[in-house]
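Working notes, structure below.
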Amino acid sequence: MTGFAWMKKLAPKGRELRRQGAGYGIFSPRSRRALVMIDPQDIEVAQSAHWLMVQGEGLALSAKGRAQLAKIGKETVTVDILDDQGRWAKAQRKPDFGVLSRYYSPSTPATTLLNRVQFEAGERLHGDYYRSSLAPSITQNWQSFGAGRSPTYAASDPGEGALAAKSRVMRALEAVGPKLDQILIAMVIRELSLEGAERHLSWPRHAARFALPLALDRLAHHYGLITPQRASAF
C-alpha cells in the first residue's frame with residue numbers, strides 16, 4: 001500500500017501494525033489475518049517522522065501521526081502525467097486514498113497513466129479482494145513473484161459473501177493471465193508503487209508503467225467494460 005493510504009487503514013481504534021514475514025501487516029483487534037500489507041520502507045519513513053507508537057504487540061498511529069493524517073486533504077501528491085510534448089512528467093494533485101488514484105485523475109484523464117475504465121477495473125478487483133479474505137493465500141505466494149511465477153489461487157472460505165468475492169478475484173486474475181496477474185497483485189492488492197512493484201518482481205525499470213495499463217485492459221475486458229480488441233497481449 002502506497003502513500004498515506006495505509007495510515008488511514010491503521011487509524012481506526014484498536015488496529016495495530018505488526019511484523020509479518022518480510023513486511024508489515026495491519027490487524028484489527030479480533031483478526032488474525034492482516035487487512036493489508038505495508039512496504040517496510042514506508043514504515044521506516046513513518047518511524048523516523050515519529051508517526052508511530054508502541055501499542056500492544058505492535059505499532060499504532062501516534063498523536064503526531066494522526067495530525068499528519070488530518071493534514072493530507074490540504075496537501076498534494078506527485079502523480080505521473082503526459083506533458084504537452086507527449087513525455088512522461090510529474091505533477092501535483094490532491095491526494096486520494098484510492099488504490100490507483102495516484103495514476104489517474106478524473107479532471108485530466110487524457111494526461112494520466114490510466115484511463116477511467118482501467119481505473120474502475122482496478123478498483124473493482126481491489127474491492128472484491130478485501131471482501132474475500134484472500135490475503136493469507138496470496139501473500140504466501142508473493143515471494144515467488146521474483147522468480148517469474150504466478151501464484152496459485154486457493155484459500156479457505158470464511159463465509160458465503162467472502163466465497164463469492166474470492167471466486168470473482170480468482171476468475172479475474174486467471175483471465176488476465178500469467179505475468180500480468182503479478183502486476184495486479186503487486187499494485188492493486190499489495191498496493192505497491194510502480195517502482196516498488198518493479199523491485200518486488202525483479203522487473204526492468206519502467207516495465208510496470210507499460211504492464212499495468214495492459215493488465216487493467218485485460219481486467220476491464222473480463223468485467224465487460226471494454227471490447228476484446230482493447231485487451232492487448234503482453
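Observations on the model:
- Within region 1-59, strands (runs of 3 or more DSSP E) holding 1 or more residues that are touching a residue at least 12 places away in the same chain (Cβ under 8 Å) and in contact with a Pro (Cβ under 6 Å, 6 or more places away or on another chain): 23-27
- Conditions (1) modelled with pLDDT of 90 or more; (2) outside any helix (DSSP H, G or I); number of the one not met by residue 191: (1)
- Residue 70, sole failed condition from (1) at pLDDT 90 or above; (2) small (Gly, Ala, Ser); (3) surrounded by fewer than 14 Cβ atoms within 10 Å (Cβ to Cβ): (1)
The values are calculated or read from the model by the stated rules, or taken from the named source; none is laboratory data. Remember, predicted model here, so these are calculated numbers, not experimental data. Using ideal geometry, Cβ is built from the backbone for each residue, glycine included, and neighbour counts are taken over all protein chains shown.
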